[in-house]
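Asks: Take this structure, written in structure tokens, and hold onto it; I'll ask about it next.
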Amino acid sequence: MENSIAQNLQKIKESIPDTVTLVAVSKTKPEEAILEAYNAGQRIFGENKVQEMVAKHQSLPKDIQWHMIGHLQSNKIKYMAEFVSLIHGVDSFKNLEEINKQAKKHNRIIACLLQVKIAQEETKFGLKPVEVTEILRQEKLNELKNIRIAGFMGMASFTDNQEQIKSEFSSLHTFFNLQKTNYNQDNIALKILSMGMSGDYQLAIDCGSTMVRIGSAIFGKRDYTA
Ligand SMILES: *Cc1c(COP(=O)(O)O)cnc(C)c1O
């Protein structure tokens, strides 16, 4: 028999340090599955589609912290601005301006992670390190009082090559450490390094991750055809 969601969660929690934040990635999964994790103590959930996250936010307990981990479409930011607790996939200054504008309407400060491209594959989204520093040094960034850049997010290549994954995670960690102390303004506080998923989270933690995004190892395989 397969393990229950609560058992999977327990096993993962035991295998990661207290200093690493666990985001339970619940995309495509029904509300009952989320509630099972919630009843086992989990409060942070990640979704990659805005509509799906909004619907789940409306019907599930209000102390859940919702993280948007998917590719950002700027026209959808308004739907989640009232409640989203962290946006992982920010990859342009334009996105930051829109998040700021929508956050302001709700009198909130929304925490964001810049998505950095670390995979060698061409298909992955994200900013090159030089583009990250361009954004962080933009004078106009100072005016965005309703966002906070809280760190970086990265995804390793989809490969079995552990050495390659390790070198991609390590390079992001090195970049993060270099940038961390470089800025002295209210809306930049680089504390979070979001990297690691079901297949590679141990490696990511070894390489300095402070936040892992784990879906299938908690909820089981996703069925995209359903
Ligand atoms: C789906 C997804 C995850 C979780 O993937 P699993 O392999 O199921 O753990 C993590 N991060 C992002 C950005 C995702 O889209």
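Asks: Can you tell me which of (1) at pLDDT 95 or above; (2) over 21 Å from Ala24 (Cα atoms); (3) surrounded by fewer than 15 Cβ atoms within 10 Å (Cβ to Cβ); (4) within 16 Å of the ligand (Cβ to nearest atom) is the one Glu168 doesn't meet?
Replies: The number of the failed condition is (3).
Asks: Let me ask something additional. For the range 51-69, what are the residues that are hydrophobic (A, V, I, L, M, F, W, C) and within 12 Å of the ligand (Cβ to nearest atom)? Walk me through it before giving the result.
Replies: Taking the range 51-69 and keeping what is hydrophobic (A, V, I, L, M, F, W, C), we get 53-55, 60, 64, 66, 68-69.
Hits for the range 51-69 are Met68, Ile69.
Asks: Moving on to the next point. Go through the range 59-117 and tell me which strands (runs of 3 or more DSSP E), entirely inside it, have 3 or more residues that are touching a Gly at 6+ places or on another chain (Cβ under 9 Å), β-branched (Val, Ile, Thr) and farther than 23 Å from Ile34 by Cα. Working first, answer last.
Replies: Values: elements: 65-68, 86-90, 110-117.
Ranges flagged: none.
Asks: Then there's this: Residues that are polar (S, T, N, Q) and within 16 Å of the ligand (Cβ to nearest atom): does the range 118-138 have at least one? First the steps, then the outcome.
Replies: Restricting attention to the range 118-138, the residues satisfying the condition of being polar (S, T, N, Q) are 120, 123, 133, 138.
From what is left, the residues that are within 16 Å of the ligand (Cβ to nearest atom) are 123.
For the range 118-138, residues polar (S, T, N, Q) and within 16 Å of the ligand (Cβ to nearest atom): present.
Asks: Out of all the residues in the range 34-50, which are away from the ligand (no atom under 13 Å from the Cβ) and either at pLDDT below 95 or under 18 Å from Asp223 (Cα atoms) (or both)?
Replies: Within the range 34-50, just Ile34 meets the criteria.
Asks: A further question follows. In the range 109-123, what residues are surrounded by fewer than 16 Cβ atoms within 10 Å (Cβ to Cβ) and charged (D, E, K, R)?
Replies: Glu121, Glu122
Asks: Quick check on Lys221: is it out of contact with any Ser or Thr (no Cβ under 6 Å at 6 or more places or on another chain) and more than 12 Å from the ligand (Cβ to nearest atom)?
Replies: Values: out of contact with any Ser or Thr (no Cβ under 6 Å at 6 or more places or on another chain): yes; more than 12 Å from the ligand (Cβ to nearest atom): no.
No; evaluated as a whole, the condition is false for this residue.
Asks: Looking only at the range 173-195, decide whether some residue is in a helix (DSSP H, G or I), surrounded by fewer than 18 Cβ atoms within 10 Å (Cβ to Cβ), on the phi < 0 side of the Ramachandran plot and among the small types (Gly, Ala, Ser). Can you show your working first?
Replies: Quick first cut of the range 173-195, residues in a helix (DSSP H, G or I) only: 173-180.
Those left that are additionally surrounded by fewer than 18 Cβ atoms within 10 Å (Cβ to Cβ): 174, 177-178, 180.
Going one step further and asking which of them are on the phi < 0 side of the Ramachandran plot, we end up with 174, 177-178, 180.
From what is left, the residues that are among the small types (Gly, Ala, Ser) are none.
Taking every residue of the range 173-195 in turn, none turns out to be in a helix (DSSP H, G or I), surrounded by fewer than 18 Cβ atoms within 10 Å (Cβ to Cβ), on the phi < 0 side of the Ramachandran plot and among the small types (Gly, Ala, Ser).
Asks: Still on this structure, I have one more. Checking the structure you have, find out if any residue of the range 1-18 is surrounded by fewer than 22 Cβ atoms within 10 Å (Cβ to Cβ), at pLDDT below 95, of a type outside the set (S, T, N, Q) and not in a strand (DSSP E or B).
Replies: Scanning the range 1-18 turns up at least one residue that is surrounded by fewer than 22 Cβ atoms within 10 Å (Cβ to Cβ), at pLDDT below 95, of a type outside the set (S, T, N, Q) and not in a strand (DSSP E or B).
Asks: Continuing with the same structure: Need the failing condition index for Lys221 against (1) of a type in the set (Lys, Arg); (2) at pLDDT 95 or above; (3) in a loop (DSSP other than H, G, I, E, B), just the number.
Replies: For Lys221, the failing item is (2).
Asks: Tell me, which residue of the range 143-159 that is within 14 Å of the ligand (Cβ to nearest atom) and not hydroxyl-bearing (Ser, Thr, Tyr) is nearest to the chain's Cα centre (by Cα)? Working first, answer last.
Replies: In the first step, residues of the range 143-159 are kept if they are within 14 Å of the ligand (Cβ to nearest atom); the result is 152-159.
Filter again for not hydroxyl-bearing (Ser, Thr, Tyr), leaving 152-156, 158.
Working: Phe152: 9, Met153: 6, Gly154: 9, Met155: 10, Ala156: 14, Phe158: 18 Å.
Checked the range 143-159; the qualifying residue nearest to the chain's Cα centre (by Cα) is Met153.
Asks: Since Ala81 meets every condition but one in (1) of a type in the set (Gly, Ala, Ser); (2) buried (at least 17 other Cβ atoms within 10 Å of the Cβ); (3) out of contact with any helix residue (DSSP H, G or I) (no Cβ under 6 Å at 6 or more places or on another chain), which condition does it not meet?
Replies: Just one mismatch for Ala81, condition (3).
Asks: Kindly provide the set of residues from the range 173-202 that are more than 20 Å from Val84 (Cα to Cα), within 14 Å of the ligand (Cβ to nearest atom) and touching a strand residue (DSSP E or B) at 6+ places or on another chain (Cβ under 6 Å), ordered by number.
Replies: Selection gives Gly196, Met197, Ser198, Tyr201.
The values are calculated or read from the model by the stated rules, or taken from the named source; none is laboratory data. Source: prediction; values computed, not measured. Please note: Cβ atoms are built from the backbone with ideal geometry, for glycine as well, and neighbour counts cover all protein chains shown.
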